[in-house]
Structures are given as C-alpha cells and as structure tokens.
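Note sheet for the following structure.
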Amino acid sequence: MKRKVLWTIVFLFLPLQFVLAQSWENEYQQYMNMDDIESSTWEETSELLSELEQHPLNLNAITREQLECLPFLTEQEIEDICAYVYRYAPLKSMGELAMMASLDANKRRLLQCFVYLGEVEQQDSVEIKHKVYDHHEVIFTAKIPFYQREGDKSGYLGERYRHQFRYRYQHGKHLRLGLVGAQDAGEPFLTNKNKMGYDFYSYYLMVNEWKMVKSAIVGKYRMSMGMGLVLNNDFMLGKTTALASMGRQRQVLQPHSSTSSDHYLQGIAATLRLSPQWTFTPFFSYRLLDGTVNKDSLTISSIVTGGYHRTVGEMAKKDNTGQTTAGSQLVYKQGTFHVGLGVVYTHVSRSLNPNRNVIYRYYYPRGKDFMNIGTDYGWRSGRLALSGETAIDRKGALATMNTVSYRLMPELNMLVVQRFYGMKYEALHAQSFSEGGRVQNESGIYLGMEWKPSHRLVVSAYGDWAYFPWARYQVSRSSKAQDYQATMTYQWHDWSFSLRYRMRLKEKDNEEKTALMVQQEQRARLLATYHGTKLSSRTQIDLASIGKQTASWGWSISQQMGYQLSKNMELHAGAAYFHTDDYSSRLYLYERGMLYQFSNPVCYGHGIRYSLMFKAQLSHRLFVNIKAGVTDYFDRSSISSGLQQINHSSQTDLDLQVKWRF
C-alpha cells in the first residue's frame, strides 16, 4: 500500500506542463455541482453537449436558435455573438471572441468546443446544392471488468460486460437518422425478454427546415416546454447552470440518441411554422414503462426509472405498463417577446397507486389519467429579462416558476428565481428548477449574481431558500432548506484559478423521529487549470464536511495530465488520492472518458484512483479510444455489497471504443 501511495503522490505533483487537451467536460465542470452530476437527466445533457462537440456549428453562419441549444450561454451573450457575427462575418480567428465583452475567458474556451470557423453560406440554391453531403458514423463501445461481482457468479441473468453501439446518418442539414443499442453489465443478451439482442434500443428519423416544417421526428425523442412544469425530458436547469445562463431555459425538440432508457417519448412530433411569429408543435407518444406491481396485480406503486434488468425481479418489471402521451404547444414570438400555451394528456395502462401509509408518498400522482395545461412567457428589453411558466393539473392544483435577470451595469448581473409547486400538483413529465428534485411540494426563492470587476476576475454567488409544506423522504413534517454557494475565478495569461465554497442546511428527522434537526453540508473546491496552444492541465483539491457534532469529513487531490504524441495520437493520464469518513462525504472526481460518456467516478473511504487513456486517429475514417481505470481501497477487503459485491480491495476496468466514419 505504501508503494501505491508514494507513486500516486509523485504522479500528482509532476510538472504541470505535460497535460490534458481541451475538452468541453473539463470546462463545463465549473458550472456543475454534485446535484447536477447525480441528476437523472445528466446523461441527456452530456449526450447533447457530446453530440455538439462531434458535430460543431459554423460560427460564421450560426443562428440564434443554434446558440440557444448551448445551455451555458446567457441571453446577453447570445445577443452579442449574433450581433458581432452579423456585422463582421466572416470571422478569421477564434481570438475575435474576445471582442464580445460579455464573454469571459472560460465561456470563450467552452464555446470553442462546439463551433468552428467556416465559410459564410450563400443563399443561392445552387451553392447550397453543392454543399449537401452524406455522413455515416458508427461507434462501438465496451467496458471489460477485471473482477467478478457476486451477481456474476449467481443472480444476474447475463454476462458481466457492458457494451453498446451507435449509428448515425446525416444528409446535409435536413435529414438525420440514428439507431442506438445498449446493454448494462449483468443483463441478458439474445435471451429472456431480450431475444432481439440488446436490452435497450433507441431509433429516430429527424427532418429539419423543410418547407413549413421547422423540425419533425419519428421514433424516440425528447421535448421541453417553457420552464418544464408541464413537460421536460431534456435538459435540466440546475442552480449553477441557472446562474451561468441567467435563468434562460431552452424550448427544444431533440432525438433521443442517448443510451438512457428513461426520460423520452416514442412516436411522432413536429414543430410547424404557421407564420414568422407563430409555431405549433403537436406530438403523440406510446411507450412501455417499468412498474412496481402491487399485490392486486392491477396497479403499480411506482414507475421504475433505473433501467436495469439484471435479475429475475428486475426483468419481471420490464415493459409491464403502457403509457400514452399526447399534446401540443402553440408559441407566439415577436422580437424579444414570446408567449406559449401547452397541454399534455397522459394515460397509463395500470393505475398508479402509491402506498399512502408512507407519509411522504401521500400526494404522489395517483390514477390512470393525467392532464396539465401551462402557459410560458418571456420578454427582454435592454438590461432586463423576464421569463416564467404557470401550470395547472386536471384537479386545478397550481405550479408556477418565474425568473428576473437584470444587468445593473456591464460588469454585474443579477438573477431572481421564484417557484411555487403545490403539494397536490401532479405532472408525470415535469422536471424543473428545484431543491427537492420534484415539481411538487415546494416553494422557494433563489438569488444569484455574477460580477466581472475586470477581464481577469469573475465572482459569482447564489443563495436559495426553500420550504416544503408536506413530508419528504426522511422528513415526516413540513421543513426548510437553505443552499449557498460562492465561486471566484481568476484568469492569468494561460492559467485559470478557481475557488468554490458551498454550504447547505437541510432539516431532517432525528433518530427518534420526534423532531427535526438541521444537517449541515459544506463543500469546497480549489481548481487550477493551464491552457496553452497544445498543452493544458487540471489540478483539483476537494473538501467535504457533513453534519455538525459528529461530522463526516472527506478530502481528495487529483491531477489530470496528457500529451500530444503526434497529430493523430493523444495520451491522457489521471490520478487521485481520496480519504473520506463514509459515503455521505463522498467526492466526485473528473477524468476523461469515452465519446458520449461523461466520467465522474464517485469515491468514498480511503484509496487512490488512477487511469490511462489512449486516443488515436488511424485514418481519416477510423478512430480508436482505449482507457484503463483502477480504484484501490486501503480500508476494506471487499467493495460494495449484495449482488454488486466484489471480493477484492481493488477494481479495474478497461474501456474500448471504435468510431468509423464513411
């Protein structure tokens, strides 16, 4: 063990000049916190940004709608980019982004991951005809574990290997189709209920900008309306990203190209341009869900969203409940003003009947039929921007969320988010800004600010106060929560230094369940990054303290490094040392992952984590990624428990990925 610790320390403090190439994951980390990583929609967000990175946008021909797909940009930044491109296109260098005052150095680097400088597109149809192209892309990914879990010996229905494939075809800008197959470790392949091969498939055909059709999708897709109080199975607006985007929410229709088996619709949807100001989006969906069946065999107590089908019990829940969803949205947009009206109806084949004896589930959605109607609105003028949504369900229960952002001066932006989600409000497809993770049983106010006293320094902070009128998990009565975070980032030439501190106060039941006690959580992160022409670095220190009298402590130090071996080959390496008292003080580490996969290993206990990744472009069509990752624990002889238990103190995985373009 001493030898492993010694080599880890040596690796952590190697000179920072041999380091990691720029990627969106590295830059986007500063806009995330633990809640964002643990969010069930994070895979969809990661999928969207990975897709944009692999298929970047031409900055010289970019549109406002394309920029609105980037969740980290504010309305002011979008306005400045559009104005500059309109006036000065074609841009000759990415350095011209520095001429846009609202973009700081971190936003400029992040934006460069998703755009390129191409020719200004001509409007002449002959010119456009010559630009039409066909593009195919196939990606195979596999994870090979060098260990056995207890379930691999007895309990799991399939092999211990995780694998997936992706196929994407694109014809110019107007036609796109894709097919995805995914298999988790332990799930059966070509057997049991998976006789068609993979445990999960996604498929779609998408048409863009064809006559009056702005976009249309057949297959599996994701949608969001307004602020997400009626429908949102796409990007989730978290607290840190809300501050980074000044509360701007996207209204999108996207194909479901993710390997996630949750948060999607299946059927047909289209956004139609009725006029320059009016758009109409009707949609229909029918899909099968996993449900926990009650003893009466007719109802389900909950909809299962994990997506795992490894055991007999998990497989019995697969696709046992049908869900029909239909609705539409009508939007009027004139200049910087918009207003929309959306309606969603959902029917489930098995009635939802949660156990009311568990007090916090008393107001969970019940029945077979659900309907929600919502209106969203927004207006921006100069320094002021207003947006929001108000919705009701079929019983008249209310949910509303409203945001105000104001630029007090060019260097100072303020954001206020108010939300009220009635404890009786029911919406099966709602996801939005919240502390409790549900669009139900919560009211609160969020205040945020971003200050740029100089072109080198950015200071941001927020405070969030929430009230829950009804019981929640581990809370048997009404309760309160507070959340505070402050971040300071300083840019010095090619170096960036960031310090973040976060404190959360939550009321929870005491051990006797006779009163509420306040649980205090504190987390801090110190981050230093270097961005050169070819070289960059990321050094990170994390601290965590959970509780007051009997606090659980944790800390880690990590270093990511890489080296450009040649024009077509890269070598990346990372190492981390972590020491936490238990799972509650767990820490998340950043390391490079495969394409379309965001890697944030969770670490708790005492140990080290190290990884090595090799990326190569073997030809203009063939790409290969290989990654080996090892976690060594010093405080245990086995890892995890139950069917997931590994009877060893270390865990080694090998990831392989091949991408072929033709």
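The values are calculated or read from the model by the stated rules, or taken from the named source; none is laboratory data. Nothing here was measured: the structure is a model prediction, and the numbers come from that model. Cβ sites come from the backbone with ideal geometry, for glycine too, and all protein chains shown count toward neighbours. For accessibility, only protein heavy atoms count, side chains too; no ligands or nucleic acids. Shrake-Rupley method; radii C 1.70, N 1.55, O 1.52, S 1.80 Å.
Points worth noting:
- Selected residue (criterion: surrounded by the fewest Cβ atoms within 10 Å (Cβ to Cβ)) from residues of the range 430-443 that are touching a Ser or Thr at 6+ places or on another chain (Cβ under 7 Å) and of a type outside the set (S, T, N, Q): E442
- Residue list for the range 569-600, filter: open to solvent by less than 30 Å² (accessible area, probe 1.4 Å), in contact with a Phe, Trp or Tyr (Cβ under 8 Å, 6 or more places away or on another chain), under 18 Å from S50 (Cβ atoms) and assigned to a loop (DSSP other than H, G, I, E, B): N600
- Tally of residues being of a type in the set (G, A, S), more than 19 Å from the chain's Cα centre (by Cα) and within 28 Å of K318 (Cα to Cα) across the range 189-235: 2
- Flag for H620 being surrounded by fewer than 22 Cβ atoms within 10 Å (Cβ to Cβ) and at pLDDT 95 or above: no
- Failed item in (1) in contact with an Asp or Glu (Cβ under 7 Å, 6 or more places away or on another chain); (2) within 20 Å of Y364 (Cβ to Cβ), with R310 passing the rest: (2)
- Selection from the range 259-311 of residues that are buried (at least 21 other Cβ atoms within 10 Å of the Cβ), over 24 Å from L48 (Cβ atoms) and of a type in the set (V, I, T): I300
- Looking at the range 50-126, the helices (runs of 4 or more DSSP H) lying wholly inside it that each contain 1 or more residues that are basic (K, R) and over 24 Å from S454 (Cα atoms) sit at 64-67, 75-88.
- Lone qualifier among D376, D369 - being touching a residue at least 12 places away in the same chain (Cβ under 8 Å), surrounded by fewer than 20 Cβ atoms within 10 Å (Cβ to Cβ) and among the acidic types (D, E): D369
- Taking the range 328-338 as the range and being open to solvent by 20 Å² or more (accessible area, probe 1.4 Å) and either modelled with pLDDT under 95 or under 26 Å from H263 (Cβ atoms) (or both) as the test, the residues that pass are S328, L330, K333, Q334, G335, T336, F337, H338.
- Filtered residues of the range 351-366 (kept if of a type outside the set (A, V, I, L, M, F, W, C), open to solvent by less than 60 Å² (accessible area, probe 1.4 Å) and over 29 Å from the mean Cα position of the chain (by Cα)): S351, N353
- Answer from S545, S558 - the residue that is out of contact with any Leu (no Cβ under 9 Å at 6 or more places or on another chain), buried (at least 16 other Cβ atoms within 10 Å of the Cβ) and assigned to a strand (DSSP E or B): S545
- Residue check, Q564 surrounded by fewer than 17 Cβ atoms within 10 Å (Cβ to Cβ) and assigned to a strand (DSSP E or B): yes
- Residues of the range 95-111 that are closer than 24 Å to K534 by Cα and either surrounded by 20 or more Cβ atoms within 10 Å (Cβ to Cβ) or touching a residue at least 24 places away in the same chain (Cβ under 8 Å) (or both): L97, L103, D104, A105, N106, K107, R109, L110, L111.
- Enumeration of residues in the range 138-175 that are free of Cβ contacts under 8 Å to residues at least 24 places away in the same chain, of a type in the set (K, R) and either within 18 Å of G197 (Cβ to Cβ) or open to solvent by less than 50 Å² (accessible area, probe 1.4 Å) (or both): R162
- For the range 176-194, the candidate set comprises residues that are over 15 Å from V218 (Cβ atoms), among the charged types (D, E, K, R) and out of contact with any helix residue (DSSP H, G or I) (no Cβ under 7 Å at 6 or more places or on another chain); within that set, the residue that is least open to solvent (accessible area, probe 1.4 Å) is E187.
- Residue match in the range 27-37 (condition: assigned to a helix (DSSP H, G or I), at pLDDT below 70 and more than 28 Å from A385 (Cα to Cα)): yes
- Check on E68, touching a helix residue (DSSP H, G or I) at 6+ places or on another chain (Cβ under 8 Å), open to solvent by 30 Å² or more (accessible area, probe 1.4 Å), at pLDDT 75 or above and not aliphatic (A, V, I, L, M): yes
- Options Y501, Y530, Y473: the member that is open to solvent by 10 Å² or more (accessible area, probe 1.4 Å), over 30 Å from Y425 (Cβ atoms) and either modelled with pLDDT under 95 or among the acidic types (D, E) (or both): Y530
Per-residue answers, yes or no, for (1) assigned to a strand (DSSP E or B); (2) free of Cβ contacts under 8 Å to residues at least 60 places away in the same chain; (3) under 23 Å from the mean Cα position of the chain (by Cα):
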position	(1), (2), (3)
S454	no, yes, no
K480	yes, yes, no
D483	yes, no, yes
S496	yes, no, no
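- Residue match in the range 198-219 (condition: touching a residue at least 12 places away in the same chain (Cβ under 8 Å), over 30 Å from L57 (Cα atoms) and open to solvent by 30 Å² or more (accessible area, probe 1.4 Å)): yes
- Among the numbered conditions (1) at pLDDT below 95; (2) farther than 16 Å from N441 by Cβ, the only one that Y360 does not meet is (2).
- Residue match in the range 245-253 (condition: in a strand (DSSP E or B) and modelled with pLDDT of 90 or more): no
- Residue check, G463 part of a strand (DSSP E or B), among the small types (G, A, S), free of Cβ contacts under 8 Å to residues at least 60 places away in the same chain and within 30 Å of R538 (Cβ to Cβ): yes
- In the range 506-525, residue least open to solvent (accessible area, probe 1.4 Å) [restricted to those that are modelled with pLDDT under 95 and aliphatic (A, V, I, L, M)]: A515
Here's the yes/no breakdown for (1) at pLDDT below 90; (2) among the aromatic types (F, W, Y); (3) in a strand (DSSP E or B); (4) over 30 Å from R472 (Cβ atoms):
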residue	(1), (2), (3), (4)
N355	no, no, no, no
K368	no, no, yes, no
M371	no, no, yes, no
T375	no, no, yes, no
G378	no, no, yes, yes
G396	no, no, no, no
M401	no, no, yes, no
Y406	no, yes, yes, yes
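- Qualifying residues in the range 379-426 (those that are touching a strand residue (DSSP E or B) at 6+ places or on another chain (Cβ under 8 Å) and of a type in the set (S, T, N, Q)) - the one surrounded by the fewest Cβ atoms within 10 Å (Cβ to Cβ): Q418
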